[in-house]
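The values are calculated or read from the model by the stated rules, or taken from the named source; none is laboratory data. Values in this document were obtained by computation on a predicted structure and should not be read as measured data. Glycine also receives a Cβ, built like all others from the backbone with ideal geometry; neighbour counts cover every protein chain displayed.
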Amino acid sequence: MLKITEITNSDPTPGAVLTLRFEERQKSRLATRLEDGMAVGLMLPRGSVLRHGDRLRAENGMVVEVHAAAETVSTAYSDNPVQLARASYHLGNRHVPLQVGTGWVRYAHDHVLDDMVIKLGLKVVTEQATFEPEAGAYHSGHHHHGHHD
């Protein structure tokens with residue numbers, strides 16, 4: 001099993017792709033497979049959270065690009081910013097990771113949360129989509145927002 005030990009967003013030429021759900025991208029130790037089927041083990045610094053587009057370096061020097069996998073999520077929509085803020089407040093109060101967009105918030109699918117958000121007046125759609133929640137104001141670990149570090 002090839003060990004992946006380093007986050008290296010400075011290298012522009014990935015030689016392989018690793019597609020992971022958000023739950024997996026939060027783990028610093030993980031046995032998994034690259035898109036080509038090669039077995040790999042993540043052995044990253046504790047607290048690492050991988051983002052779509054991040055690049056990793058394996059012990060043999062190969063660069064691997066991380067892709068966010070489509071997964072089952074709930075996306076709550078509203079044209080009313082107060083409704084969105086209220087739903088985000090209640091979800092955040094339950095420590096639910098949220099991805100925030102214009103006119104919507106997304107979270108890992110949960111029918112109990114869906115019911116709560118619908119009662120707050122939002123339209124909820126269960127779908128397969130990538131999930132890139134906010135890192136959090138106090139998050140001191142690695143994160144990536146469309147630029148290379």
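At a glance:
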quantity: Single residue of region 33-71 satisfying the filter (basic (K, R) and in a loop (DSSP other than H, G, I, E, B)) that is nearest to M1 (Cα to Cα); calculated: R46
quantity: Meets criteria (assigned to a strand (DSSP E or B) and among the small types (G, A, S)) for S74; calculated: yes
quantity: In region 77-90, residue nearest to V100 (Cα to Cα) [restricted to those that are assigned to a loop (DSSP other than H, G, I, E, B) and not charged (D, E, K, R)]; calculated: S78
quantity: Qualifying residue in region 58-75 (condition: farther than 23 Å from T130 by Cβ, at pLDDT below 95, over 12 Å from the mean Cα position of the chain (by Cα) and buried (at least 18 other Cβ atoms within 10 Å of the Cβ)); calculated: yes
quantity: Residues of region 93-112 that turn out to be without any contact (Cβ under 8 Å) to a residue 60 or more places away in the chain and under 16 Å from the mean Cα position of the chain (by Cα), as a count; calculated: 10
quantity: Any hit, region 28-37, residues being surrounded by 18 or more Cβ atoms within 10 Å (Cβ to Cβ) and basic (K, R); calculated: no
